[in-house]
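Structure, as structure tokens:
The values are calculated or read from the model by the stated rules, or taken from the named source; none is laboratory data. Keep in mind the model is a prediction, meaning the values are calculated, not measured. As a convention, Cβ positions derive from the backbone with ideal geometry for all residues, glycine included, and neighbour counts pool all protein chains shown. The protein model used for the area step is the full one, side chains on, heavy atoms only, and it has no ligands, DNA or RNA in it. Shrake-Rupley method; radii C 1.70, N 1.55, O 1.52, S 1.80 Å.
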Amino acid sequence: MIRLHHTPGSRSMRILWLLEEMGLDCEVRSYSLTDGSLRAPEFLALSPAGRIPALEIDGQVIFESGAIVEYLTEVQGQLAPKPGEAERAAFLSWVHFAETQANILQALNIHHIFLRPESARSAPLMALDTKRLTVTMKALERHLAGRDWLLSDFSAADCMLGFNIDAMFRFVRPESFPAIVAYRDRVKARPAYQRALAKAGGDAIYTQDFYELPDA
Ligand SMILES: N[C@@H](CCC(=O)N[C@@H](CS)C(=O)NCC(=O)O)C(=O)O
């Protein structure tokens, strides 16, 4: 039995999608980001920082989406180059790059969406994080120009990074990023992505297509 601890719209989509790519079924247990259930002792016993995702598999619990991706690809022997193989370093770099970018997106989510009252928000910090996000998007745009996936073929690194794309375009307009837009379209066309999306239960985070920066 594989059980995924999940929140709609969160990083657990990476794992839901990867499991679908691997043809592995899982039970999904859903949580709210805001009702305190992620700080309950039973959840902290699974994920010590109180974060989603956590995955119960093979009689153990794994937390951190990047660790789950590395574990699943190792155990299943698919969707990642093995240690010593040519693209292994690139695979690990993009898996962890995706999480660097997700942390910036998370900061923007907190400022734009979760922090209340609005007067508690910091316009300079929001502008700074938008610039930091843009740096990661420019790097991604350069890397994706002329290629379909992060590595020479689709890999689990695409599940880590592909999840970020919808969130990126909530804060930075897509016009300057044609390679990322085309990559997003390839991601969305994957049957496993669509099956995962159907299981994911929607998006519990965004209520607007785009979030403008407030006046500084
Ligand atoms: N580095 C962690 C980050 C996990 C994380 O922050 N998840 C978010 C949802 S996308 C969460 O649980 N937020 C709840 C909170 O911050 O209290 C990972 O990749 O799994």
Exercise for review: State the extension gain, in nm to one decimal, for the chain segment bounded by Leu125 and Ala45, taking 0.36 nm per residue of separation less the distance between their alpha-carbons.
Suggested key: 25.5 nm
Point to revise | Where GluC sites (Glu not before Pro) fall in DSSP loop in region 83-181, at most 10 other Cβ within 10 Å | key: Glu85
Point to revise | Stokes-Einstein D (µm²/s) once Rh is taken as the Kirkwood radius of region 88-190 over alpha-carbon pairs, at 4 °C in 1.567 mPa s | key: 91 µm²/s
Review point. Using a Gaussian network model of the chain with C-alpha springs under 10 Å, which one of Leu33, Leu92, Leu115 is most mobile by mean-square fluctuation?
Key: Leu115
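Can you give the % of DSSP beta bridges in the chain that are antiparallel, to the nearest 5? The partial results should precede the final answer.
Numbers: 7 of 11 bridges.
Roughly 65 percent of the DSSP beta bridges within the chain come out antiparallel.
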**Study point:** Percent accessible area from carbon and sulfur atoms, region 88-190, protein chains only, probe 1.4 Å
**Key:** 56 percent
Study note, to complete from the structure: Compactness check, region 23-79: C-alpha Rg relative to the 2.2 N^0.38 Å globular estimate gives 1.21
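For the chain, which DSSP H helices look membrane-span-like by this rule: Cα extent along the axis of 24 Å or more and mean Kyte-Doolittle of at least -0.5? Intermediate results must be reported in sequence, preceding the final value.
Numbers: long enough: 88-109 (31 Å, 0.32); 123-144 (31 Å, 0.08).
Counting only whole DSSP H runs, the qualifying helices are 88-109, 123-144.
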Point to revise | Alpha carbon centroid spacing (whole Å) that separates region 127-181 from region 49-72 | key: 24 Å
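Under a Cβ-only charge scheme (Lys and Arg +1, Asp and Glu -1), can you give me the dipole magnitude of region 3-76 about the Cα centre, in debye to the nearest 20? Display every interim value, and only then the final one.
Values: 6 positive and 11 negative charges, 71 e Å.
Here the size comes out at about 340 debye.
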Practice item. Over the chain, average the accessible area per residue using a 1.4 Å probe and give it in Å², no decimals. Key: 48 Å²
Review point. Are there trypsin sites (Lys or Arg not before Pro) in region 124-167 that DSSP puts in a loop and that have at most 15 other Cβ atoms within 10 Å, and which ones?
Key: Arg147
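Multiply the residue gap between Ser37 and Glu85 by 0.36 nm, knock off their C-alpha separation, and tell me the result in nm, one decimal place. All intermediate terms of the calculation are to be shown ahead of the outcome.
Numbers: separation 48, 0.36 × 48 = 17.28 nm, distance 4.15 nm.
Full extension of this stretch gives 13.1 nm more.
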**Study point:** Cα principal axis extents for the chain, largest first, Å
**Key:** 50, 47, 29
